[in-house]
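Chemist: The following block contains the structure, expressed as structure tokens.
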Amino acid sequence: MPIIKLTKVEQKRFLALVTCLFLAVGAWLFMALNNKYVYTAKTVLDYRNFPQKKAFHPLQSDTVDLQVEGTGWQLLFARLRIKPQSISISLEKLNNRNFVLFSEQLFNVNRQLETSQKIISVKPDTLYFDFSERRVKRVPVKLVSNLHYMPQYGVSNEIQINPSYVTISGPEQDIRNINEWNTDTLKIEKIQATTVARVAMMQNKMKNVNIFPTSVDVKLPVDEFTEKVIEVPVKVINNKEYYNVKLYPKKVKITLLVALSKYTQVNEEFIEAVVDMNEWKIFQHNELRVKLIRFPDYCKLVQSQPAKIDFIIEK
């Protein structure tokens, strides 16, 4: 294949031609990208200004197509990216009707976007809703926690949640089966003193259900625990024939961990140990198991000795 040889003058002319061509293309591309174009972008709806006396169900997806006017640069680099990623829509009109028109809210919607972007229409332009009467219900708060205490430390009393109830409102069919509301997970490490924390309620995933308040105060009463041994008398239950039952021994030793602040308060009156005569009458056991049917809250059982006791029945 023949090789075209250019003189130095021709080489300079060729380079000048190529340079001018690139400059012309660059200038055309720059002007083209600066022009306005209309492109489609998807976004998620974020509802605001809920109707006060109505509970609603959207009858369409919460994702819509936006007809956006922007520059060629945006079309080239950010066609599917609307900033912010969602747009807020007011539902105030639902107090008087069952639909919302985007065309009535384009001005406010455009104020939420970057100044270089402009929404000219939305598909669909009309959002329809189904309504039911809004119900109100109070449910207890359930604390979700991941707590780790220092050795010999623990909760010494009931955990306090304030408020202990939250108010939820929404359609009857949505709140009917809600009997409690979880908090976000409370995570604390190396606890060795009474702790107070503010915990947010679990995020509400139902757009037509409202919850109040959105956070609660949690108080963890914490104390150092120590070991204590208490002798507790054993009682007989299910002795319907009124046998004269003699137990050996008559008392059991209960070893437990108790908070230092309650060490002197916890005694045998807080604990009830029993044996069940049905173990002998029905199952023919020669020994009866000791069961603790009452035990002080926030104490920790270490052991009960003996676990089984002998007995004699006198008829």
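The values are calculated or read from the model by the stated rules, or taken from the named source; none is laboratory data. Bear in mind that the values here come from a model prediction, so they are computed numbers and not experimental data. Neighbour counts are summed over all protein chains in view; Cβ atoms, including those assigned to glycine, are modelled from backbone coordinates with ideal geometry. Ligands, DNA and RNA are excluded from the accessible area calculation, which covers all protein heavy atoms including side chains. Shrake-Rupley method; radii C 1.70, N 1.55, O 1.52, S 1.80 Å.
Chemist: Contact order normalised by length for the stretch 124-175, with contacts defined as Cα pairs under 8 Å and 6 or more residues apart; what percent is it? It would help to have the intermediate numbers written out before the result.
Modeler: Details: 40 pairs, mean separation 30.2, N = 52.
It rounds to 58 percent for the stretch 124-175.
Chemist: Could you derive backbone 3J(HN,Hα) for the stretch 94-100 from the dihedral phi with the Karplus parameters 6.51, -1.76 and 1.60 (θ = phi - 60°), listing whole Hz in sequence and x where the residue is Gly or Pro?
Modeler: 5, 5, 10, 8, 10, 8, 10
Chemist: Would you list the P(r) distribution for the stretch 138-209, with all Cα-Cα distances sorted into 10 Å bins from 0 and each bin expressed as a whole %?
Modeler: 16, 44, 24, 13, 3
Chemist: On to the next question. Tell me the label-point distance for the pair residue 104, residue 253, using the 7 Å Cα-to-Cβ offset, in nm and rounded to one decimal.
Modeler: 8.1 nm
Chemist: Please report, as a whole percent, how much of the solvent-accessible surface of the stretch 198-315 comes from carbon and sulfur atoms (probe radius 1.4 Å).
Modeler: 50 percent
Chemist: Pull out the extension gain between residue 212 and residue 123, defined as 0.36 nm times the separation in residues minus the alpha carbon to alpha carbon distance; nm, one decimal.
Modeler: Working: separation 89, 0.36 × 89 = 32.04 nm, distance 3.39 nm.
Taking 0.36 nm per residue and subtracting the Cα distance, the gain is 28.7 nm.
Chemist: Something else: Subtract the Cα-Cα distance of residue 291 and residue 231 from 0.36 nm times their separation in residues, and report this length gain in nm to one decimal. The partial results should precede the final answer.
Modeler: Working: separation 60, 0.36 × 60 = 21.60 nm, distance 1.41 nm.
Working it through step by step, the gained length comes to 20.2 nm.
Chemist: Please compute the volume of the convex hull spanned by the alpha-carbon atoms of the stretch 139-267 and report it per residue in Å³.
Modeler: 164 Å³
Chemist: Would you please give the FRET efficiency between residue 92 and residue 197, computed as 1/(1 + (r/R0)^6) with r the Cβ-Cβ distance and R0 = 41 Å, to the nearest 0.05?
Modeler: 0.65
Chemist: What are the chymotrypsin sites (Phe, Trp or Tyr not before Pro) within the stretch 196-273 that DSSP puts in a loop, where the Cβ has at most 16 other Cβ atoms within 10 Å?
Modeler: 242, 243, 263
Chemist: For a label point 7 Å from the Cα of residue 190 along Cα→C-beta, name the residues of the stretch 113-156 whose backbone N is under 16 Å from it.
Modeler: Correct set: 147-153.
Chemist: Can you work out the accessible area per residue across the stretch 141-238, with the rest of the protein chains kept in place, probe 1.4 Å, in square angstrom?
Modeler: On a per-residue basis, the stretch 141-238 sits at 58 Å².
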